[in-house]
Protein chains: 2
Amino acid sequence: MDRAIENTTLLTLAGEGLGIVDDGTIAFDGADIAYVGPAHEFDGAPERRIDGTDLVTMPGLVDAHRHTSHTLLRGAAQDLPEIEWMTDGLGPVSRHADVEDRIAGARLGAIEGLLSGVTTVCEYAGEVGDLVESAYRPLGARVVATETINAVVDDREERGAREPYAFDPEKGGAALDRAEALFDQYQDDPLVTPAYGPQALDMVPRDLLETVAERAGDHGRDVHVHVAQGRRERLQVQARYGEDASTVGVLDDVGLLSDRLVAVHCHDATTAERARIADADARFVGCPSSIGAIDGVVPPVVEFLERGAPTALGTDQAPGPGGHDFLRELRTAAMLAKTDAADPTAFPAWRALEVGTTGGARVLGLDDLIGTLEEGKAADVITIDATHSSLAPTVQAPFHTAVPNLVYSASRGAVRDVFVAGERVVEDGEVQGLDGESVVDEARERAERVFREAADDWRAAGSELVDAADDGRL
Amino acid sequence: MDRAIENTTLLTLAGEGLGIVDDGTIAFDGADIAYVGPAHEFDGAPERRIDGTDLVTMPGLVDAHRHTSHTLLRGAAQDLPEIEWMTDGLGPVSRHADVEDRIAGARLGAIEGLLSGVTTVCEYAGEVGDLVESAYRPLGARVVATETINAVVDDREERGAREPYAFDPEKGGAALDRAEALFDQYQDDPLVTPAYGPQALDMVPRDLLETVAERAGDHGRDVHVHVAQGRRERLQVQARYGEDASTVGVLDDVGLLSDRLVAVHCHDATTAERARIADADARFVGCPSSIGAIDGVVPPVVEFLERGAPTALGTDQAPGPGGHDFLRELRTAAMLAKTDAADPTAFPAWRALEVGTTGGARVLGLDDLIGTLEEGKAADVITIDATHSSLAPTVQAPFHTAVPNLVYSASRGAVRDVFVAGERVVEDGEVQGLDGESVVDEARERAERVFREAADDWRAAGSELVDAADDGRL
């Protein structure tokens with residue numbers, strides 16, 4: 001037995017409620033949990049012991065949807081009308097970023113996530129394998145590597161919203177080939193699980209969607225799709241599939257509306273369409289900070305929970321919501337749900353912890369492996385310092401104030417250690433696998449170059465941010 | 001000249017926009033700012049120099065409404081229907097806290113605020129002088145000491161919502177006397193500004209409200225009132241002053257609706273009443289996290305800004321919203337405003353920085369002294385590490401991504417130094433005036449005792465939290 005965290009407050013997320021064990025011990029054997037339960041029943045002889053007094057120990061958090069590369073462009077676009085955010089804000093900057101820039105951003109964002117207690121990420125990107133090898137592998141994080149599949153010819157900004165985008169079958173095919181290569185490459189990798197990422201129904205031709213659906217069904221693979229993101233997608237689907245068509249209907253027609261589907265966003269879906277997604281046993285990811293900041297909309301997290309769908313949260317990308325602090329995302333999800341429902345009970349703390357752990361695990365199809373602290377599961381475990389001034393004091397009777405305090409109070413500085421498959425990837429608040437200072441330095445140098453090269457395009461795009469900068473407000 | 005921060009990115013909040021100076025220097029002479037401007041124009045000879053490369057330097061943040069004592073009871077009540085939050089959640093616990101407990105809570109909450117960049121607090125409490133001397137003075141923070149004035153006899157929970165509470169004139173008079181004593185005690189204190197705090201219109205008799213209004217007018221003092229907090233207050237005001245009466249009308253009748261009024265919350269006021277408050281040149285404080293968490297309501301921050309009223313933010317109390325992290329409050333204010341308005345432009349980053357600095361200064365009547373970085377003003381200054389992984393990278397061209405990144409991205413761990421009146425009260429992320437570890441230890445011991453003694457009352461009150469605890473969700 002390699003390591004034990006002793007005399008700690010465990011939130012196992014297994015069994016009744018949050019599976020709280022007041023004076024608990026958890027021990028790892030290699031990559032797995034060998035013991036979890038009351039301290040006084042533990043009789044192992046671990047090589048290393050951590051005194052868990054004053055620590056809350058729980059499953060690692062699961063960030064179920066992220067485009068981490070964009071962390072390089074943090075601050076590039078926000079406070080804009082939704083329709084301008086990509087076209088006039090982020091787009092003119094991001095198109096100046098090359099593959100090395102994207103890797104530098106992913107490293108920074110991955111560090112940010114780890115430091116907030118995230119052990120598993122669904123990374124959604126083109127050429128996602130580069131990010132796996134350059135960011136997640138050295139940091140030791142678990143990742144669902146979702147290869148973006150997009151076949152749109154790059155002239156779409158010149159087209160009207162109701163004119164179908166042109167597709168380049170070669171581009172789509174190459175993306176599918178990259179996805180397939182990942183399934184081969186990582187088939188025996190304990191930390192990497194590939195998935196298909198057809199970006200959205202307006203960006204992939206029908207035959208390619210059908211191919212993905214067929215292969216996903218044949219091989220038991222997951223398919224992550226941005227679903228019902230807004231007006232532009234809606235108009236494109238109607239232009240291509242007919243006036244009565246909708247994203248959810250087309251998903252069904254092409255064979256993607258199934259329990260293999262991970263549907264992200266869904267804020268532009270009707271109530272009936274959301275019901276159809278849940279009835280198909282598909283899974284849902286909401287990104288409250290991102291959709292709140294960019295669209296001014298609260299995503300239907302509570303609705304999918306009430307429908308009994310596996311439901312998770314994601315931080316999406318840094319520009320707009322700000323970054324990948326997942327503890328903060330739990331709080332934001334609760335706050336937005338409460339005010340959206342005009343009901344302070346709409347999204348309680350225990351629910352946030354469930355969604356951030358077991359919910360994420362179910363949505364990513366990894367619930368046999370992660371999401372709870374149970375013997376035989378992966379040792380993906382985080383410890384949080386209950387004496388950190390952001391969440392102290394905590395009491396254990398007559399109830400555990402650590403539960404609300406983790407969600408509403410804790411800043412990410414309270415996260416002490418993060419273990420993935422038994423490896424300590426964050427120790428006392430410091431990442432171990434990469435030099436954080438170098439990552440930040442490189443990101444800054446690259447960001448300065450990208451923004452400098454993008455300056456003319458950004459100004460020409462003429463978003464409201466240009467005025468703000470000229471007025472000294474930015 | 002005592003100290004200079006050199007070669008830093010200044011957000012002065014003075015002049016055009018945010019008053020950004022890219023390569024700036026700020027120097028202190030005693031408690032005041034002696035120089036602020038371009039580094040190359042600075043020719044002083046400071047005794048100590050701080051290299052401001054990689055730092056953003058800006059005015060200290062102003063938390064314009066807080067009951068910091070309750071930090072001891074963090075986690076005591078949340079996720080409850082609004083009407084239960086105080087009566088069945090917080091009340092049964094908080095009534096077991098004594099004066100020493102309240103001080104211990106205030107110390108912890110004051111530390112939490114300082115570490116998030118807050119230099120000035122409006123503290124709202126009964127016997128607030130104890131908190132000033134035991135928490136704010138040793139920590140070196142600036143405080144508007146607002147003595148709660150409340151004359152309600154303690155049996156009000158036994159009364160129906162429409163039956164006027166009984167008043168105890170002696171209790172109200174004693175509170176007024178305490179407030180008056182503060183004005184004497186602190187009349188020459190550079191860091192303490194007293195104010196009157198008639199708690200709410202249902203809790204203070206008319207004659208006492210009139211006395212406060214008169215004295216405030218005579219002496220040029222401010223009056224902070226919780227205004228239009230909800231149904232219970234509305235019914236009480238009608239029961240006491242007539243069916244057509246409203247809080248805002250009574251404020252006017254008793255002489256309190258003036259430019260001396262700081263109106264807090266106002267979420268239960270009508271649009272016409274809010275207009276009347278703004279037209280009277282009164283000032284407004286919104287507490288988005290608190291009112292969002294407890295009432296499920298977004299307070300009218302944007303509305304008061306649009307009416308041109310001096311507008312600030314406050315963190316209220318820890319139970320419910322979680323705590324006093326003011327950087328987080330800026331982000332929450334923006335997120336809630338955007339989703340409430342269904343408009344991502346509703347509350348941009350620059351607006352959040354203004355509200356958190358100059359807005360707070362104006363609302364607290366301290367704008368001659370604080371809120372901007374200008375020569376002759378108090379040296380209330382914070383530095384933020386732009387290389388912290390929560391907000392990096394930042395670029396300065398073609399616009400300053402530090403502006404959105406401070407609001408949407410930065411976690412409080414990015415705050416490096418905090419100066420109040422030229423004194424470094426936080427150094428490299430550590431408070432200087434109290435031993436943080438001892439404060440946390442004492443708070444925990446006291447919290448454990450208070451919760452233990454309150455356990456029976458809490459269970460008897462029978463809120464939904466009791467079920468949650470019994471089910472292992474809390």
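Which residues belonging to the range A:52-91 lose at least 50 Å² of 1.4 Å-probe accessible area when the assembly is complete, relative to their chain isolated?
A:Arg74, A:Asp79
Leaving ligands, DNA and RNA out of it, work out the accessible area of A:Phe347 with a 1.4 Å probe and give it in Å² to the nearest 10.
A:Phe347 has an accessible surface of roughly 0 Å² with all protein chains in place.
Considering only protein heavy atoms and a 1.4 Å probe, what is the carbon-and-sulfur percentage of the accessible area of the protein assembly as shown?
41 percent
Apply the Kirkwood formula to the range B:104-249: the hydrodynamic radius equals the inverse of the mean of 1/r over all pairs of different alpha-carbon atoms; give it in Å with one decimal.
16.3 Å
Quick one: label points 7 angstrom along Cα→Cβ at B:Asp177, distances to the other copies in nm, smallest first?
From this label point to the equivalent ones elsewhere in the assembly: 8.9 nm.
Please give the length that would be gained between B:Asp188 and B:Arg452 if that part of the chain were fully extended, namely 0.36 nm times their separation in residues minus their C-alpha to C-alpha distance (nm, one decimal).
90.8 nm
May I ask you to give the solvent-accessible area per residue for chain B, in square angstrom, as obtained with a 1.4 angstrom probe?
With the other protein chains kept in place, chain B gives 33 Å² per residue.
Want the number for B:Ala341 to B:Glu16: 0.36 nm per residue separation, take away the alpha-carbon distance, what's left?
This chain segment gains 114.3 nm when fully extended.
Using a 1.4 Å probe on the protein heavy atoms only, what accessible surface does B:His67 show? Give it in Å² to the nearest 10.
40 Å²
Which helices of chain A meet both criteria: a Cα extent of 18 Å or more along the helical axis and a mean Kyte-Doolittle score no lower than -0.5, with helices taken as whole DSSP H segments?
A:99-115, A:326-341
Please quote Rg/Rh for the range B:35-78 to two decimal places, taking the Kirkwood radius as Rh and restricting both calculations to Cα atoms.
With Rg and the Kirkwood Rh in hand, the quotient comes to 1.27.
Considering every Cα-Cα pair within the range A:47-113, what fraction, in whole percent, is farther apart than 19 Å?
53 percent
Find the sum over both chains of the accessible area lost when B and A are paired, probe 1.4 Å, and report it in Å² to the nearest 100.
Summing both sides, the interface buries roughly 6300 Å².
For peptide B:324-336, what's the mean number of Cβ atoms from other chains within 10 Å of each residue's Cβ?
For peptide B:324-336, the averaged partner shielding equals 4.
How do A:Ile384, B:Ile50 stack up against each other in accessible area, from largest to smallest, with a 1.4 angstrom probe?
Output order, biggest surface exposure first: B:Ile50, A:Ile384.
Could you name the residue in chain B with the C-beta closest to the rotation axis that superposes chain B on chain A, along with the separation in whole Å?
Of all Cβ atoms in B, the one closest to the rotation axis yields B:Gly413, 2.
Which residues, if any, in the range B:108-134 lose at least 30 square angstrom of accessible heavy-atom surface (probe 1.4 Å) when the other protein chains sit next to their chain rather than the chain being alone?
Residues of the range B:108-134 that lose at least 30 Å² of accessible area once the other chains are added: B:Leu108.
When you look at the Cβ of every residue in B:454-465, what mean number of other chain Cβ atoms sits within 10 Å?
1
Please arrange A:His219, B:His400, A:His265 by accessible surface area, largest first, computed with a 1.4 Å probe and ligands excluded.
Ranking A:His219, B:His400, A:His265 by accessible area, largest first, yields A:His219, B:His400, A:His265.
Compare each residue of the range B:429-446 in its chain alone against the assembly with all protein chains, and report those whose accessible area goes down by 10 Å² or more; 1.4 Å probe, heavy atoms.
Checking the loss per residue gives B:Val440, B:Arg444.
Based on DSSP, what percent of beta bridges with both residues in the protein assembly as shown are antiparallel, to the nearest 5?
45 percent
How large is Rg over Rh for chain A, taking Rg from the Cα atoms and Rh as the Kirkwood inverse mean of 1/r across Cα pairs?
My calculation of the ratio gives 0.97.
Could you pull the copy-to-copy label distances for A:Ala161, with points set 7 Å along Cα to Cβ, in nm to one decimal and sorted shortest first?
Sorted ascending, the copy-to-copy spacings read 4.3 nm.
Within straight cross-link reach of B:Lys338, meaning Cα distance under 26 Å, which lysines are found once same-chain residues fewer than 8 apart are removed?
Reachable lysines: A:Lys338.
Please provide three numbers in whole Å: the alpha-carbon extents of the range A:33-147 along the principal axes, with the largest listed first.
If we take the Cα atoms of the range A:33-147, the spans are 61, 29, 19 Å.
Once ligands and nucleic acids are excluded and a 1.4 Å probe is used, how much of A:Val56 is accessible, expressed in Å² to the nearest 10?
Rounded to the nearest 10, the figure is 0 Å².
So for each of A:192-202, B:360-370 I average, over its residues, the number of other beta carbons within 10 Å; can you give me the resulting order with the highest mean first?
Final packing ranking: A:192-202, B:360-370.
Can you list the distances in nanometres, one decimal and ascending, from the A:Ala455 label point to the identical position in each other copy, with the point 7 Å along Cα to Cβ?
Ordered by distance, the counterparts are at 6.6 nm.
The values are calculated or read from the model by the stated rules, or taken from the named source; none is laboratory data. In this text the structure is predicted, and so the values were computed from the model without any measurement. Positions of Cβ are generated from backbone atoms using ideal geometry, with glycine treated the same way; all protein chains shown enter the neighbour counts. All accessible areas refer to the heavy atoms of the entire protein, side chains included, with ligands and DNA or RNA removed. Shrake-Rupley method; radii C 1.70, N 1.55, O 1.52, S 1.80 Å.
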